[in-house]
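Before any comments, here is the structure.
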Amino acid sequence: MWGLIYNLKVTTSGSSGMIFLLKFQVASYSNLDKIDVGVCIVTTSNFQKNTKRKYNHNWQGSLTYEKLTNYLPHFKSAIQLPVYVYGVDIHQG
(Lines give C-alpha, C1' and ligand atoms only; values in the text may rest on other atoms or scores of the structure.)
Protein backbone atom coordinates (compact mmCIF):
# COMPACT_ATOMS: atom_id res chain seq x y z
CA MET A 1 0.00 0.00 0.00
CA TRP A 2 1.34 3.41 -0.95
CA GLY A 3 0.97 6.36 1.33
CA LEU A 4 2.29 9.83 1.71
CA ILE A 5 3.75 11.08 4.93
CA TYR A 6 4.89 14.65 4.85
CA ASN A 7 6.30 17.18 7.18
CA LEU A 8 6.45 20.73 5.94
CA LYS A 9 8.66 23.24 7.65
CA VAL A 10 8.83 26.74 6.28
CA THR A 11 11.47 29.03 7.63
CA THR A 12 12.62 32.45 6.51
CA SER A 13 15.64 32.80 8.73
CA GLY A 14 18.82 30.85 9.07
CA SER A 15 18.83 30.84 12.83
CA SER A 16 18.63 27.05 12.97
CA GLY A 17 21.59 26.68 10.61
CA MET A 18 22.05 23.16 9.30
CA ILE A 19 20.04 21.56 12.11
CA PHE A 20 16.97 21.26 9.88
CA LEU A 21 18.92 18.81 7.69
CA LEU A 22 19.23 16.44 10.60
CA LYS A 23 15.46 16.68 11.07
CA PHE A 24 15.07 14.71 7.83
CA GLN A 25 16.94 11.82 9.41
CA VAL A 26 15.09 12.05 12.72
CA ALA A 27 11.75 12.13 10.87
CA SER A 28 12.79 9.06 8.90
CA TYR A 29 13.61 7.14 12.09
CA SER A 30 10.47 8.22 13.91
CA ASN A 31 8.26 7.15 10.99
CA LEU A 32 9.96 3.74 10.78
CA ASP A 33 11.61 4.35 7.41
CA LYS A 34 8.37 5.47 5.73
CA ILE A 35 10.12 8.58 4.44
CA ASP A 36 12.01 7.92 1.22
CA VAL A 37 13.40 11.34 0.42
CA GLY A 38 13.92 14.81 1.87
CA VAL A 39 13.21 17.89 -0.25
CA CYS A 40 14.87 21.18 0.55
CA ILE A 41 14.02 24.40 -1.31
CA VAL A 42 16.33 27.34 -0.66
CA THR A 43 17.14 30.61 -2.35
CA THR A 44 20.41 31.26 -4.14
CA SER A 45 22.84 33.94 -3.07
CA ASN A 46 21.91 35.85 -6.24
CA PHE A 47 18.22 35.78 -5.25
CA GLN A 48 19.04 37.03 -1.77
CA LYS A 49 21.29 39.80 -3.08
CA ASN A 50 18.64 41.04 -5.53
CA THR A 51 15.75 40.96 -3.05
CA LYS A 52 17.87 42.68 -0.44
CA ARG A 53 18.70 45.44 -2.90
CA LYS A 54 15.15 45.82 -4.22
CA TYR A 55 13.03 45.13 -1.10
CA ASN A 56 15.58 45.59 1.72
CA HIS A 57 14.91 42.04 2.94
CA ASN A 58 17.23 40.93 5.74
CA TRP A 59 18.81 37.59 4.77
CA GLN A 60 21.49 37.71 7.46
CA GLY A 61 22.30 34.19 8.62
CA SER A 62 20.04 32.57 6.02
CA LEU A 63 21.13 29.45 4.24
CA THR A 64 21.72 29.67 0.48
CA TYR A 65 21.65 27.00 -2.19
CA GLU A 66 25.40 27.33 -2.56
CA LYS A 67 26.05 26.88 1.18
CA LEU A 68 23.67 23.93 1.40
CA THR A 69 25.20 22.06 -1.53
CA ASN A 70 28.64 22.74 -0.04
CA TYR A 71 27.69 21.50 3.45
CA LEU A 72 25.60 18.45 2.49
CA PRO A 73 28.55 16.15 1.73
CA HIS A 74 29.82 16.73 5.29
CA PHE A 75 26.51 15.33 6.63
CA LYS A 76 26.71 12.17 4.52
CA SER A 77 27.24 9.90 7.51
CA ALA A 78 24.48 11.56 9.57
CA ILE A 79 21.77 11.72 6.90
CA GLN A 80 21.00 8.31 5.45
CA LEU A 81 18.15 9.24 3.12
CA PRO A 82 18.42 11.10 -0.20
CA VAL A 83 17.89 14.85 -0.07
CA TYR A 84 16.80 16.72 -3.18
CA VAL A 85 17.93 20.34 -3.15
CA TYR A 86 16.22 22.98 -5.26
CA GLY A 87 17.57 26.50 -5.60
CA VAL A 88 15.22 29.41 -6.28
CA ASP A 89 16.92 32.08 -8.34
CA ILE A 90 15.90 35.37 -9.97
CA HIS A 91 17.05 36.78 -13.27
CA GLN A 92 16.52 40.40 -14.13
CA GLY A 93 15.70 41.09 -17.74
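The values are calculated or read from the model by the stated rules, or taken from the named source; none is laboratory data. Fair warning: this is a prediction, and the values are worked out from it, not measured in the lab. Positions of Cβ are generated from backbone atoms using ideal geometry, with glycine treated the same way; all protein chains shown enter the neighbour counts.
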* Checking residue 46 against (1) touching an Asp or Glu at 6+ places or on another chain (Cβ under 8 Å); (2) not in a helix (DSSP H, G or I), which test does it fail? -> (2)
* Go through (1) under 14 Å from residue 21 (Cβ atoms); (2) in contact with a strand residue (DSSP E or B) (Cβ under 6 Å, 6 or more places away or on another chain); (3) surrounded by 11 or more Cβ atoms within 10 Å (Cβ to Cβ) and name the single condition residue 84 misses. => (3)
* Picking from 21, 63, 4, which residue would you name as being under 16 Å from the mean Cα position of the chain (by Cα), among the aliphatic types (A, V, I, L, M) and either surrounded by fewer than 14 Cβ atoms within 10 Å (Cβ to Cβ) or modelled with pLDDT of 80 or more (or both)? -> 63
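Quick check on the range 25-60: of everything there that is of a type in the set (Phe, Trp, Tyr) and farther than 23 Å from residue 79 by Cβ, which residue is modelled with the lowest pLDDT?
The residue in question is 59.
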